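First up is the structure itself, then whatever we jot down about it.
Laboratory data are not the source of any read-out in this text; all were calculated from the coordinates shown. Bear in mind the structure is a predicted one, so any value in this text is a computation, not a measurement. Every residue, glycine among them, receives a Cβ derived from its backbone with ideal geometry; neighbour counts consider all protein chains shown.
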Amino acid sequence: MQLGLKLGSKDIRYTKDILSFYKQGYFQYIELFAVPGSFDDTIDYWKPFSIPIGIHAPHSMAGVNLSLSGERKNNNKKLRETVQFADSLNAEYIIFHGGINGSIEETISQLRPFADSRCLIENKPIRGLNDEKCIGALPDEISHITNELKIGFCLDFGHAICAANSLKKEPLSFINELVQLHPVMYHLTDGDYKSEYDSHIHYGQGTFPLRDLLKMVPVDAKLTNEAKHDSAIGFDDFKKDSEFLCKTQFYEK
């Protein structure tokens with residue numbers, strides 16, 4: 001299993017840690033969140049890294065909501081910049097969220113001009129942190145988007161657990177429904193196994209059945225650690241997460 005380090009495109013002060021931790025095998029690729037408006041100022045920083053990079057497109061918390069028709073012009077501009085990042089860094093994939101409080105057909109319509117073999121749709125909780133209605137939480141929604149656009153699927157375990165709790169379903173059974181959609185890659189954090197809300201906490205601090213979740217990930221798959229970074233301690237939090245997985249033999253470095 002390959003473990004991914006999640007960073008934002010503006011995180012340009014960690015060169016020493018990135019190179020050191022990559023060399024030591026703490027991660028095998030970077031998943032870069034394309035912060036809107038940052039391409040011109042940051043692309044020359046990221047280009048020299050000889051580390052595989054994937055791109056995560058901006059979502060509603062960064063001003064992109066693909067499910068609302070009134071946001072088309074704004075979304076189009078920001079997604080064109082996202083594709084610039086992907087093209088410039090030879091990214092293997094680009095992950096998108098479906099949006100909030102809108103329609104799945106609008107999401108499909110707005111994604112269509114950008115859909116290519118690199119594109120993946122990520123499943124979401126049913127309820128956002130502010131009780132928004134998320135698009136792309138249900139297996140049928142994910143299947144509809146992937147079939148319409150001929151794109152792949154990124155399975156976020158934490159989002160799936162939240163969605164299952166909203167639906168009053170057993171989370172592992174619900175996740176197995178999503179696994180049947182053949183995810184291309186995966187996202188993982190720890191969290192509250194009984195909550196409808198995503199928390200992105202570090203491994204060992206929550207109640208997720210991590211061993212059971214990791215058993216669902218193919219041995220050659222990519223798994224991005226999406227636990228929140230603690231800026232006060234740099235990359236030490238990521239190192240501890242990686243070591244936690246290693247010590248419990250969830251995956252082999």
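Per-residue extension of 0.36 nm, minus the Cα-Cα distance of residue 215 and residue 76, leaves a gain of 46.3 nm for this segment.
Using just its DSSP H runs of length 4 or more, each adding -39500 (n - 2.57), the chain gives a mean residue ellipticity at 222 nm of -10500 deg cm²/dmol after division by all residues.
Any chance you could run the full-extension gain for residue 170 through residue 101? It's 0.36 nm times the residue separation minus the Cα-Cα distance, nm to one decimal. List each step's numbers first, then the result.
Values: separation 69, 0.36 × 69 = 24.84 nm, distance 2.52 nm.
Fully extending the segment from residue 170 to residue 101 adds 22.3 nm.
The aspartates and glutamates whose alpha-carbon is closer than 13 Å to the alpha-carbon of residue 222, local same-chain residues fewer than 8 away aside, are 31, 92, 156, 252.
State, as an integer percentage, the relative contact order of the range 1-101 based on alpha-carbon contacts under 8 Å between residues 6 or more apart. Dividing the mean separation by the residue count of the range 1-101 yields 28 percent.
Once you reduce the range 14-77 and the range 176-237 to the center of their Cα atoms, the two points are 19 Å from each other.
Annotation note: trypsin sites (Lys or Arg not before Pro) in the range 75-165 located in DSSP loop regions with a Cβ neighbour count of at most 15 within 10 Å are 150. Under 5 Å from the amide H of residue 137 lie the amide H atoms of 124, each residue being 5 or more positions distant or on a separate chain, with H modelled from the backbone and absent for Pro and chain starts.
Note on residue 180 and residue 44: with the Förster distance fixed at 41 Å, the Cβ-Cβ geometry gives a FRET efficiency of about 0.45.
Here are some pairs, 78/194; 23/194; 23/124; 133/169; 77/169; which of them have Cα atoms lying more than 29 Å apart in this structure? The partial results should precede the final answer.
On the way: 78/194 35 Å; 23/194 37 Å; 23/124 33 Å; 133/169 18 Å; 77/169 38 Å.
Violating the 29 Å Cα-Cα cut-off are 78/194; 23/194; 23/124; 77/169.
Which value in Å does the Kirkwood hydrodynamic radius of the chain take, with 1/r averaged over all unlike C-alpha pairs and then inverted? All intermediate terms of the calculation are to be shown ahead of the outcome.
Numbers: mean 1/r = 0.0546 Å⁻¹.
After inverting the pairwise mean of 1/r, the radius is 18.3 Å.
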